[in-house]
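Reading through the structure tokens given below for one structure.
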Amino acid sequence: MTRIRQLIDKLEKNTSLSQEEYTQLIREIQKPDMEYLMEKAEKIRQKYYGRDIYVRGLIEFTNICKNNCYYCGIRSSNRNCERYRLTKKEILECCEKGWTLGYRTFVLQGGEDPAFTPEEMADIVKSIKSFHPECAVTLSFGEYPFEVYKLWKEAGADRYLLRHETANKKHYETLHPVEMSFDNRMRCLYDLKALGYQVGCGFMVGSPNQTPEDLAQDMCFIKGFKPDMVGVGPFIPHKDTPFKDMKAGTLEQTLIMLALIRLSLPEVLLPATTALGTIDPLGRELGIRAGANVCMPNLSPESVRNKYTLYDNKLCTGDEAAEYLKSLSNRMNKIGYNIISARGDRYGFKRL
Ligand code: 5AD
């Protein structure tokens, strides 16, 4: 029994490791032990979620953003990005179409676009919930004050995605300009939790300057924060950003992190992300194998789909498109999984 297998067994039993142990595992794991890790993650995923895969219709409703994150293609200073924002009517049409296709969760994701006022967002959420009371609404719209998150919760929003990006403040400061603050990001996450949202945090694997210690710190943060969802995908450089010449995160490293998250938080909702599908044609399937249980196909109007360019070559066609649910479903069947039409709340989550 190798030291790495001992650590994997310990994680399986206790669902946590010390930061040093996570670091060693992340730094030293090699091929045969990776298989071992994936098998354990798949087993625990099946214990809670069986072979079901939840789908979310992703509506990227604005690519206008006041922030200037060094890694992101829709950063405010990128002049080459063709900007758009959807109207309330267009957003509702996306939901209507999604409903017909079988989606029961809509994710409204956007850059931090001040043109959408808190009141307007609340109004959009209310309308979606009135047309589709059986559906969950997830917001992913960045950092706002407690009172605004409260307004949206009261309007009917169920979940909120806000990746922490890295749990190491020093590292955070190398990925973001000075106007952005690690402490405010954390404040937002704890506010969302306190308000009763199902909350998602997350990070990019292989982001510039990231070390195995940073990833271990992410694991310890996640373990303590107990999010309902974790979004993890490889960093992929975008040509119009300061990180254009940086290396992308790898498939292997991303799969390792997915599996570690599944073993550390057995009940978490864990998507096989678009970024993972972008770096490898089988990324989605491999992500599911490593413990992921959610897919988020793109439900935005076709005319804007290729404009939400967070990174180069971002997928938005084929099985990445919400219309091709049948085809995605066939792919998942091939590896023994089934896409189901349901809200897909986190296992054990109690709605008030
Ligand atoms: N590569 C991979 N993921 C990225 N994101 C932003 N830019 C990139 C990139 N270049 C991720 C961030 C953000 C989420 C919406 O997309 O983690 O939180």
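What follows is calculated from the coordinates using simple rules that are stated; it is not laboratory data. These numbers come from a predicted model, not from an experiment. Don't worry about glycine lacking a Cβ; one is built from the backbone with ideal geometry, like all the others, and counts go over all protein chains shown.
Considering the alpha-carbon set of the stretch 225-302 alone, what are its Rg and its Dmax in angstrom?
Answer for the stretch 225-302, Rg first and Dmax second: 13.3, 38 Å.
Nearest 20 debye, what's the magnitude of the dipole of the stretch 161-200 about its Cα centre given +1 on Lys and Arg Cβ and -1 on Asp and Glu Cβ? Mind dumping the intermediate values first?
Values: 6 positive and 5 negative charges, 27 e Å.
With only Lys, Arg, Asp and Glu charged at Cβ, the dipole is about 120 debye.
Using only alpha carbon pairs under 8 Å that are at least six residues apart, calculate the relative contact order of the stretch 126-241 and give it in whole percent. Before the final figure, lay out each step's value.
On the way: 143 pairs, mean separation 31.5, N = 116.
Relative contact order here is 27 percent.
Provide the net charge surrounding Gly233, with neighbours chosen by a C-beta distance below 14 Å and charges set as Lys +1, Arg +1, Asp -1, Glu -1.
In short, -3.
Given charges of +1 on the Cβ of Lys and Arg and -1 on the Cβ of Asp and Glu, with all other atoms neutral, how large is the dipole of the chain about its Cα centre, in debye to the nearest 20?
Roughly 600 debye for the chain.
Considering only Phe182, Pro271, Ile64, whose Cα is most displaced toward the positive end of the charge dipole of the chain, charges sitting on Cβ of Lys, Arg (+1) and Asp, Glu (-1)?
Working it through, the farthest residue towards the positive pole turns out to be Pro271.
For the chain, what relative contact order do you get, as a whole percent, if you take Cα pairs closer than 8 Å and at least 6 residues apart?
On the way: 664 pairs, mean separation 87.4, N = 352.
Relative contact order, the chain: 25 percent.
Expected output is a single nm value to one decimal: the length gained when fully extending between Lys47 and Glu252, i.e. 0.36 nm times separation in residues minus the C-alpha distance. What is it? Show your work: numbers first, answer last.
Numbers: separation 205, 0.36 × 205 = 73.80 nm, distance 2.38 nm.
This chain segment gains 71.4 nm when fully extended.
Relative to the present Cα-Cα distance, how much length would full extension add between Tyr70 and Ser130 at 0.36 nm per residue of separation?
Once the chain is fully extended between Tyr70 and Ser130, it gains 17.8 nm.
Find the cysteines in the chain that fail to meet the 4.7 Å Cβ criterion with every other cysteine, and list them.
So far as the 4.7 Å Cβ criterion goes, Cys65, Cys81, Cys94, Cys95, Cys135, Cys188, Cys201, Cys220, Cys295, Cys316 stand without a partner in the chain.
Given Cβ point charges of +1 (Lys, Arg) and -1 (Asp, Glu) and nothing else, what value in debye, to the nearest 20, does the dipole of the stretch 154-300 about its Cα centre take?
With Lys and Arg at +1 and Asp and Glu at -1, about 140 debye.
Determine the sum of side-chain charges near Asn78: Lys and Arg each +1, Asp and Glu each -1, restricted to other residues whose C-beta is under 15 angstrom from that of Asn78. Present the calculation step by step, with values, prior to reporting the outcome.
Details: positive: Lys66, Arg75, Arg79, Arg83, Lys239, Lys244, Lys307, Lys314; negative: Glu82, Glu112, Asp113, Asp240, Asp312.
Here the count lands on +3.
Percent relative contact order of the stretch 198-245, based on C-alpha pairs within less than 8 angstrom and at least six residues apart? Walk me through the numbers on the way to the answer.
Details: 41 pairs, mean separation 25.8, N = 48.
For the stretch 198-245, the relative contact order is 54 percent.
Could you point to the residue in Pro212, Ile261, Leu162 farthest towards the positive end of the chain's charge dipole, with +1 and -1 charges on the Cβ of Lys/Arg and Asp/Glu respectively?
Ile261
I'd like the per residue volume of the convex hull spanned by the Cα atoms of the chain, given in cubic angstrom. Don't jump to the answer; show the numbers that get you there.
On the way: hull volume 43.1 nm³, N = 352.
Expressed per residue, the convex hull around the Cα atoms of the chain is 122 Å³.
In whole angstrom, how long is each semi-axis of the equivalent ellipsoid of the stretch 175-247, when you take the square root of 5 times every eigenvalue of its Cα gyration tensor and sort them from largest down?
25, 15, 12
Quick one: Tyr36, Tyr160, fewest Cβ neighbours within 10 Å first, how do they rank?
Numbers: Tyr36 17, Tyr160 27.
Taking fewest neighbouring Cβ atoms as first place, the list is Tyr36, Tyr160.
Which loop GluC sites (Glu not before Pro) in the stretch 123-207, with loop taken from DSSP, have no more than 15 other Cβ atoms within 10 angstrom of their Cβ?
Answer in residue order: Glu134, Glu179.
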